[in-house]
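The values are calculated or read from the model by the stated rules, or taken from the named source; none is laboratory data. Just so it is clear, the structure is predicted and the values come from calculations on it, not from any experiment. Here the Cβ positions follow ideal geometry from the backbone for every residue, glycine too, while neighbour counts run over all protein chains shown.
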Amino acid sequence: METEHKYDLSGLRNFLDTSPSPFHAVNNAKQLLEQHGFTEISRTDDWKSRTDKHFSIRDGSLIAWFSSSNCPFENGFRIIGAHTDSPNIRLKPLQEHPSTTFEQLSVEIYGSPLINSWLDRDLGMSGRVVVQTESLEQKLFLTDDPICRIPQLAIHLDREINDKGLKLNPQSHLTPIWADASPSFLTFNEWLGEQLSVKSSEIMSWDLMLHDTQRSEFLGANKEWLASARIDNLISCYAAILALSAVEKETLDTTPLVCLFDHEEVGSVSTSGASGDFLAGTLKRLMSDTSEEGRAQAYENSLCLSVDGSHATHPNYPDRHDPNHVVRLNGGIVIKRNANQRYATDAVGEAIAKKICTKAGVSHQVFSNRNDLSCGSTIGPTTAANLGVRTIDVGVPQLSMHSAREICGVKDQNDLRLFCETFFRLDGITSE
Ligand code: CO
């Protein structure tokens, strides 16, 4: 029972369970922000002299902030960045997949999922559909009904699989089944039209994806972990939004801002990705009344947290980790370092992160990748390079990263929220 647990994870679990696509993550973040007095500004409106609590959305990305006239932009921003997307399996544009025995969906792989983890799961579907009624309209779509599955080949038909390893061809082996082949069966467009209560002829296009319909769950003898899809990186999105909602502007000397980006898992190069102008363009618009010199001061006084999943040391594969940088689930905030700038944290950033942990009353651990494995990356380096703002890569440790179902520690998610709140309350800590 949720109430028996030391930490109330109901809000986080609801966010994880109901955000299977970036569009749903953004929509859920929007609702949380609205509950805390934030209002949406359209990106096509005039933003001149806007102050107070606002957010703005571009496709699968969202940016939220609050500013006030007693807190000039020159004092700098406290920016938290995270990403809304997770590796998964997505629908292709045409859905006429001929097969003599099954109706199948035509799909492609998004990002780098552990694709074996998608086999034999009961899959739902979510995303957005563009329909033409009086005008082009985007509709959010989500079904948690298990409508399809990628069935694994029986061991009797592949006797050596456990010895030789599983090899999956992304074109031929991952095509989900979703109905018996039947001449009377609805086409995909007809089915989708019924789901959305529109004519199938009104459906123009979609960004749709599959998700495991199993909900998040406490795990472990003492319920010390959380098992869920999309821990990377919705746990960071949620912590950032909650922290922004919790701080009060009267107590702040700087402008707090959260940016949730889409497309991190595929390299961030898009209109809504971290390598695009979404964040930089928004900051420019916010500071349209600030002088050029004032804007330069603002960036120099700013600090950015890039919050993303981190690897816990795997007990069965200690050889995949640097033995000197052990990371434990429920061991606290992970500060990520990499001399080759796969993470943006430098010595100053690491020191600041440690000070935030002390202030927040949470513990920290430091991650460094093994030298004989290539290191992952985050939105940190690209954000740092685009803005010229000191950026610190941190995150919550997890196992099974990029699996359809990942694991993290329940204490760590709480620490992350406290860490983000304390970050927004920082004052002159950036001085070197
Ligand atoms: Co991530």
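Considering only region 332-346, state which residues are away from the ligand (no atom under 16 Å from the Cβ) and farther than 16 Å from P381 by Cβ.
Hit for region 332-346 is G332, nothing else.
Tell me whether region 84-101 contains one or more residues that are surrounded by 16 or more Cβ atoms within 10 Å (Cβ to Cβ), under 21 Å from the mean Cα position of the chain (by Cα) and either free of Cβ contacts under 8 Å to residues at least 24 places away in the same chain or over 15 Å from V266 (Cβ atoms) (or both). Steps first, please.
Here is the first cut: in region 84-101, the ones surrounded by 16 or more Cβ atoms within 10 Å (Cβ to Cβ) are 84-91, 95, 97.
If we keep only those that are under 21 Å from the mean Cα position of the chain (by Cα) too, we end up with 84-91.
Subset that is either free of Cβ contacts under 8 Å to residues at least 24 places away in the same chain or over 15 Å from V266 (Cβ atoms) (or both): 91.
For region 84-101, residues surrounded by 16 or more Cβ atoms within 10 Å (Cβ to Cβ), under 21 Å from the mean Cα position of the chain (by Cα) and either free of Cβ contacts under 8 Å to residues at least 24 places away in the same chain or over 15 Å from V266 (Cβ atoms) (or both): present.
For the structure I just gave you, tell me whether R337 is among the basic types (K, R), more than 24 Å from H54 (Cβ to Cβ) and exposed (fewer than 14 other Cβ atoms within 10 Å of the Cβ). Spell out how you get there, then give the answer.
On the way: among the basic types (K, R): yes; more than 24 Å from H54 (Cβ to Cβ): yes; exposed (fewer than 14 other Cβ atoms within 10 Å of the Cβ): no.
It is false that R337 is among the basic types (K, R), more than 24 Å from H54 (Cβ to Cβ) and exposed (fewer than 14 other Cβ atoms within 10 Å of the Cβ).
Would you be able to say whether some residue in region 57-64 is more than 16 Å from the chain's Cα centre (by Cα) and in contact (Cβ under 8 Å) with a residue 24 or more places away in the chain? Write out each step before concluding.
Of all residues in region 57-64, those more than 16 Å from the chain's Cα centre (by Cα) come to none.
No, that holds for no residue.
Condition test on I109, is it in a strand (DSSP E or B), farther than 30 Å from K284 by Cβ and free of Cβ contacts under 8 Å to residues at least 40 places away in the same chain?
Details: in a strand (DSSP E or B): yes; farther than 30 Å from K284 by Cβ: yes; free of Cβ contacts under 8 Å to residues at least 40 places away in the same chain: no.
No; evaluated as a whole, the condition is false for this residue.
What is the residue count in region 65-88 for residues that are β-branched (V, I, T) and either closer than 19 Å to Y299 by Cα or part of a strand (DSSP E or B) (or both)? Before you say what the answer is, go through the steps one by one.
At the first step, the residues of region 65-88 found to be β-branched (V, I, T) are 79-80, 84.
Right, trim to either closer than 19 Å to Y299 by Cα or part of a strand (DSSP E or B) (or both) and you get 79-80.
Summing the residues that are β-branched (V, I, T) and either closer than 19 Å to Y299 by Cα or part of a strand (DSSP E or B) (or both) in region 65-88 gives 2.
Take the conditions among the hydroxyl-bearing types (S, T, Y) and either more than 16 Å from the ligand (Cβ to nearest atom) or in contact with a helix residue (DSSP H, G or I) (Cβ under 8 Å, 6 or more places away or on another chain) (or both) and apply them to S368. Does it pass?
Numbers: among the hydroxyl-bearing types (S, T, Y): yes; either more than 16 Å from the ligand (Cβ to nearest atom) or in contact with a helix residue (DSSP H, G or I) (Cβ under 8 Å, 6 or more places away or on another chain) (or both): yes.
Judged against the criteria, S368 is a match.
Mind checking whether some residue in region 180-202 is in a strand (DSSP E or B) and either touching a Gly at 6+ places or on another chain (Cβ under 8 Å) or crowded, with 19+ Cβ neighbours inside 10 Å (or both)?
Taking region 180-202 as the starting set, the residues that turn out to be in a strand (DSSP E or B) are 180.
When the remaining residues are screened for being either touching a Gly at 6+ places or on another chain (Cβ under 8 Å) or crowded, with 19+ Cβ neighbours inside 10 Å (or both), the result is none.
No, every residue in region 180-202 fails to be in a strand (DSSP E or B) and either touching a Gly at 6+ places or on another chain (Cβ under 8 Å) or crowded, with 19+ Cβ neighbours inside 10 Å (or both).
Among what's in region 58-113 and is among the hydroxyl-bearing types (S, T, Y) and modelled with pLDDT under 95, pick the residue that is nearest to the ligand (Cβ to nearest atom).
Within region 58-113, the subset among the hydroxyl-bearing types (S, T, Y) is 61, 67-69, 84, 86, 99-101, 106, 110, 112.
Going one step further and asking which of them are modelled with pLDDT under 95, we end up with 67-69, 99-101.
On the way: S67: 28, S68: 32, S69: 36, S99: 35, T100: 40, T101: 38 Å.
Looking at the filtered set, the residue picked out is S67.
When the residues of region 210-242 are filtered to those that are of a type in the set (A, V, I, L, M), touching a residue at least 40 places away in the same chain (Cβ under 8 Å) and surrounded by fewer than 24 Cβ atoms within 10 Å (Cβ to Cβ), which remaining residue is farthest from the ligand (Cβ to nearest atom)?
Filtering region 210-242 down to residues of a type in the set (A, V, I, L, M) leaves 210, 219, 221, 226-227, 229, 231, 234-235, 239-242.
Pick out the ones that are also touching a residue at least 40 places away in the same chain (Cβ under 8 Å) and you get 210, 219, 226-227, 229, 231, 234-235, 239-242.
Now restrict to residues that are surrounded by fewer than 24 Cβ atoms within 10 Å (Cβ to Cβ): 219, 227, 242.
Working: L219: 20, A227: 17, L242: 18 Å.
Among those residues, the one meeting the criterion is L219.
When the residues of region 405-432 are narrowed to those that are within 16 Å of the ligand (Cβ to nearest atom) and out of contact with any Leu (no Cβ under 9 Å at 6 or more places or on another chain), which ends up nearest to W118 (Cα to Cα)?
R405
Taking the residues in region 261-289 that are buried (at least 24 other Cβ atoms within 10 Å of the Cβ) and among the charged types (D, E, K, R) as candidates, determine which candidate is farthest from the ligand (Cβ to nearest atom).
D262
Condition check: under 16 Å from P113 (Cα atoms), in contact with a strand residue (DSSP E or B) (Cβ under 8 Å, 6 or more places away or on another chain), in contact (Cβ under 8 Å) with a residue 24 or more places away in the chain and not in a helix (DSSP H, G or I). Does P146 satisfy that? Steps first, please.
Numbers: under 16 Å from P113 (Cα atoms): no; in contact with a strand residue (DSSP E or B) (Cβ under 8 Å, 6 or more places away or on another chain): yes; in contact (Cβ under 8 Å) with a residue 24 or more places away in the chain: yes; not in a helix (DSSP H, G or I): yes.
The answer is no for P146.
Tally up the residues in region 290-331 that are within 16 Å of the ligand (Cβ to nearest atom), out of contact with any Lys or Arg (no Cβ under 9 Å at 6 or more places or on another chain) and closer than 19 Å to A384 by Cα, please.
Residues in region 290-331 being within 16 Å of the ligand (Cβ to nearest atom), out of contact with any Lys or Arg (no Cβ under 9 Å at 6 or more places or on another chain) and closer than 19 Å to A384 by Cα: 2 in total.
Give the residues of region 378-404 that are within 13 Å of the ligand (Cβ to nearest atom), touching a helix residue (DSSP H, G or I) at 6+ places or on another chain (Cβ under 9 Å) and not hydroxyl-bearing (S, T, Y), sorted by residue number.
Across region 378-404, the qualifying residues are I379, D393, V394, G395, V396, P397, Q398, M401, H402.
Pick from L33, L62: which is touching a helix residue (DSSP H, G or I) at 6+ places or on another chain (Cβ under 9 Å) and part of a helix (DSSP H, G or I)?
Numbers: L62 fails: part of a helix (DSSP H, G or I).
After applying the criteria, what remains is L33.
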